[in-house]
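The values are calculated or read from the model by the stated rules, or taken from the named source; none is laboratory data. Everything numeric in this text was worked out from a predicted model, so none of it was measured. A quick note on method: Cβ atoms are made from the backbone with ideal geometry, for glycine too, and the neighbour counts reach across all protein chains shown. Only protein heavy atoms, including side chains, enter the accessible area calculation; ligands, DNA and RNA are left aside. Shrake-Rupley method; radii C 1.70, N 1.55, O 1.52, S 1.80 Å.
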Amino acid sequence: MGNRLTKIYTRTGDDGTTGLGDGSRVRKDALRVEAYGTVDETNAQVGMLRAALAADHSAQIMLEHIQHDLFDVGGELCIPGYELVTAAYVERLESAIDAVNAELPALKDFILPGGSPAAAAAHVARTVSRRAERRTLTLADAETVNPQAIKYLNRLSDYFFVLARQLARADGGNEVLWRKRSG
């Protein structure tokens, strides 16, 4: 690793700009910053989910992989033209989704977020990752974005959905099914 941060504040962002990985400066509300910032927010939410689980929970290893993957996605989005995420990232998520989903009963109704504290945390991770996907798609309308990163973010929310279902059941909670209200 090249430079270590020895000073946390630099004052270079006081004018409302931030530095990208290629050294260029953009506004802090630029599409690219919104995209990688929301990926970072997703990563923080995964950290909250991991903290809600026992240290030896079977999902911990996959969630740690996801955190590293999200760092890669964010790094890729921070450097225009840089590609790091490959189809293997997506395939690993698909395998994890299939493994978790194979243990679940067929889904016949919509599920309300909740079920247990850990399941609720997985639902929050799901919604934040969906927002990261939307922000990345918006960026892709304006600039080149690696399609594998977009696919990864799309699969990620699917993973959190099946994990939330699994956690609600494993933690002794129940999946709360949506009931259409009449009147």
Starting from segment 47-71, keep only residues that are without any contact (Cβ under 8 Å) to a residue 24 or more places away in the chain and more than 20 Å from ASP98 (Cα to Cα), then list their pairs with residues that are in a helix (DSSP H, G or I) and open to solvent by less than 50 Å² (accessible area, probe 1.4 Å) whose Cβ atoms are within a distance under 6 Å, requiring at least 6 positions of separation or different chains.
ARG50/LEU63
Output the number of residues of segment 113-141 satisfying the condition of being modelled with pLDDT under 95, among the hydrophobic types (A, V, I, L, M, F, W, C) and touching an Asp or Glu at 6+ places or on another chain (Cβ under 8 Å).
2
Among ARG92, ARG134, which is the only one that is open to solvent by 80 Å² or more (accessible area, probe 1.4 Å) and within 19 Å of VAL33 (Cα to Cα)?
ARG134
Only one of (1) closer than 19 Å to ASP69 by Cα; (2) touching a Phe, Trp or Tyr at 6+ places or on another chain (Cβ under 7 Å); (3) not acidic (Asp, Glu) is not met by GLY81, so which one is it?
(2)
Considering each of GLY81, GLY47, GLY13, GLY23 in turn, give the residue that is part of a loop (DSSP other than H, G, I, E, B) and either open to solvent by less than 40 Å² (accessible area, probe 1.4 Å) or not small (Gly, Ala, Ser) (or both).
GLY13
Scanning segment 26-36 for residues that are out of contact with any Lys or Arg (no Cβ under 7 Å at 6 or more places or on another chain) and without any contact (Cβ under 8 Å) to a residue 60 or more places away in the chain, the one most open to solvent (accessible area, probe 1.4 Å) turns out to be ARG27
Limited to segment 100-112, what total is found for residues that are surrounded by 13 or more Cβ atoms within 10 Å (Cβ to Cβ) and free of Cβ contacts under 8 Å to residues at least 60 places away in the same chain?
1
Please tell me if ASN174 is at pLDDT 85 or above and polar (S, T, N, Q).
no
